[in-house]
Amino acid sequence: MTDTTTAADIFIALVGALDRVGVDWSRAVSLATDGAPSMIGKKAGVVTKFREKVQSANRGRDFWTFHCILHQEALCCKSLKMDNVMKVVIQTVNFIRSRSLNHRQFDSLLREKDHIYGLPYHTEVRWLSRVALLRRFFDLREEIEQFMEEKGKPVLEFHSAEWMQDLAFMVDVTEHLNNLNKQLQGRNKVVTQYYDSIRSFKLKLSLWETQLAGGDAAHFPCLKNVCATQHVADMKRFKDKITGLLREFEQRFQIFGELEKDFNVFCSPFTVNPSDLPVSIQLEIIDLQCDSDMKGKFAAAGLDTFYQNLLPGYPNLTALAAKLLCMFGTTYVCEQVFSVMSIN
Ligand SMILES: *[C@@H]1O[C@H](CO)[C@@H](O)[C@H](O)[C@H]1NC(C)=O
């Protein structure tokens, strides 16, 4: 797009591109966006217009709209509001890394102390690139403190017990989020796998919330370490951060709750209870559960390949599976494109 990019412009370009490849609008299942205002604006946003177009073609059937799952996760991280930590870390690292004399002197200080790795570059590109930076900053905190003092630029925050705890907590929590992010990356993911990862992370958050409320930082090794040397036992501040993060996750991923029944059928078609399901697939599920041949195939094949075998005997179940297999089908490709753009 070379001119303005209003919601109407984006919509026209999008419809044009899809029509050029001959998309059958009646079969559109879901649309995932980055949640920008021009996308999700209630009245004239791209999502609303897109939904209207799809539902006029499919006679008003369900059409799902999401925020991109990876983007959502990054937004959840922002709710931690730990800019007080990041500001100091980035300023200090920039001071050391962006002047070559400082950088060389700092590296030789590290060599004297038998450290193999120096400080990584900080790239603004991704929130999660902070993980490596924070980790190294924390590990090298004594050397950094010494170096900055020798340079006449002492970092006063190193003397604040509270700030050191915040730093340690931030290291731990970004590492947890990074692990989640790794689970969400990758080609050929099915939406139910994304949902599993999110669900599991929410349960971990609940566990941490309870533990921190009782002053236990079992899964926050850096925080635990700092608090032990400072003889601090009150973790309420951090418990509140985790509560905030949990609330953010619950709110942002609410829409998956509505799809949970479909997810269950899709992942465990042989063990769901047919009477709990929508009428339109009850009979097919009963047939399937008594189909020994299919049962063998289910055990042997992956979720995505299993459903290719169901036609023509199970049209409604196949349609349900096709719907779920489409969701977030291009998320990984989009992420890769964004990465390439950011690097450029
Ligand atoms: C499949 O779904 C259609 C439309 O909802 C319904 O009319 C039909 O009875 C369903 N088939 C079975 C076997 O339940």
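The values are calculated or read from the model by the stated rules, or taken from the named source; none is laboratory data. All values reported here derive from a predicted model rather than from experimental measurement. When we count neighbours, we look across all protein chains shown, and the Cβ atoms used for this are built from the backbone with ideal geometry, even at glycine.
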Is there any pair linking a residue in the stretch 1-18 that is assigned by TED's automatic domain parsing to the domain that holds K49 to one that is of a type in the set (K, R) and part of a helix (DSSP H, G or I), with Cβ under 6 Å and at least six apart or on different chains, and which?
F11/K49
Residue satisfying condition, being more than 24 Å from R111 (Cα to Cα) and touching a residue at least 12 places away in the same chain (Cβ under 8 Å), within set L134, L205
L205
Tell me the residue from G35, G60, G16, G45 that is of a type outside the set (A, V, I, L, M, F, W, C), more than 23 Å from the chain's Cα centre (by Cα) and under 21 Å from V337 (Cα atoms), please.
G16
Pick from the stretch 152-187 the residues that are in contact with a Phe, Trp or Tyr (Cβ under 8 Å, 6 or more places away or on another chain) and modelled with pLDDT under 90: which of them is nearest to A321 (Cα to Cα)?
R187
Would you be able to tell me the number of residues in the stretch 20-40 that are out of contact with any helix residue (DSSP H, G or I) (no Cβ under 6 Å at 6 or more places or on another chain) and farther than 22 Å from M327 by Cβ?
2
Residues of the stretch 277-304 classified as within 17 Å of A322 (Cβ to Cβ), within 15 Å of the ligand (Cβ to nearest atom) and in a helix (DSSP H, G or I), total:
5
Would you mind stating whether G296 is in contact with an Asp or Glu (Cβ under 9 Å, 6 or more places away or on another chain) and either touching a residue at least 60 places away in the same chain (Cβ under 8 Å) or over 15 Å from N188 (Cα atoms) (or both)?
no
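Looking for something touching a Lys or Arg at 6+ places or on another chain (Cβ under 7 Å) and not in a helix (DSSP H, G or I) - is there at least one such residue anywhere in the stretch 255-276? Show your work before the answer.
Here is the first cut: in the stretch 255-276, the ones touching a Lys or Arg at 6+ places or on another chain (Cβ under 7 Å) are 270.
Filter once more, so that each one left must be not in a helix (DSSP H, G or I): 270.
Checked the stretch 255-276: at least one residue is touching a Lys or Arg at 6+ places or on another chain (Cβ under 7 Å) and not in a helix (DSSP H, G or I).
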Subset of the stretch 262-276, residues touching a Leu at 6+ places or on another chain (Cβ under 7 Å) and within 15 Å of the ligand (Cβ to nearest atom), comes to D262, V265, P269
Restrict the check to the stretch 321-344 and report whether at least one residue is over 27 Å from the mean Cα position of the chain (by Cα) and of a type outside the set (V, I, T).
no
Considering the stretch 308-321, residues that are within 19 Å of T192 (Cβ to Cβ) and within 16 Å of the ligand (Cβ to nearest atom), and then whichever is modelled with the lowest pLDDT, we arrive at L310
Pairs, first touching a residue at least 40 places away in the same chain (Cβ under 8 Å) in the stretch 313-324, second within 10 Å of the ligand (Cβ to nearest atom) and part of a helix (DSSP H, G or I), C-beta under 6 Å, six or more apart
L317/I281; L317/E284
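Give the residue that is surrounded by the most Cβ atoms within 10 Å (Cβ to Cβ), with candidates limited to residues of the stretch 237-261 that are of a type in the set (A, V, I, L, M) and over 17 Å from L203 (Cβ atoms). Break it down stepwise before answering.
Taking the stretch 237-261 first, the residues of a type in the set (A, V, I, L, M) are 242, 245-246, 255, 259.
Applying the additional criterion that residues be over 17 Å from L203 (Cβ atoms) yields 255, 259.
Numbers: I255: 12, L259: 20.
Only one residue tops the list, namely L259.
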Which of the residues spanning the stretch 208-232 are surrounded by 13 or more Cβ atoms within 10 Å (Cβ to Cβ) and either assigned to a loop (DSSP other than H, G, I, E, B) or among the aliphatic types (A, V, I, L, M) (or both)?
L212, A213, G215, D216, A217, H219, F220, L223, V226, V232
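Could you check the stretch 87-110 and list, in sequence order, the residues that are out of contact with any Phe, Trp or Tyr (no Cβ under 9 Å at 6 or more places or on another chain) and surrounded by 17 or more Cβ atoms within 10 Å (Cβ to Cβ)?
As a first pass, look at the stretch 87-110 and keep what is out of contact with any Phe, Trp or Tyr (no Cβ under 9 Å at 6 or more places or on another chain): 87, 90-91, 94-95, 98-101, 103-104, 107-108.
F95, the sole residue that qualifies.
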Neighbours by Cβ (under 7 Å, 6+ apart or cross-chain): first from the stretch 272-292, within 15 Å of P312 (Cα to Cα); second within 8 Å of the ligand (Cβ to nearest atom):
I281/N316; E284/N316
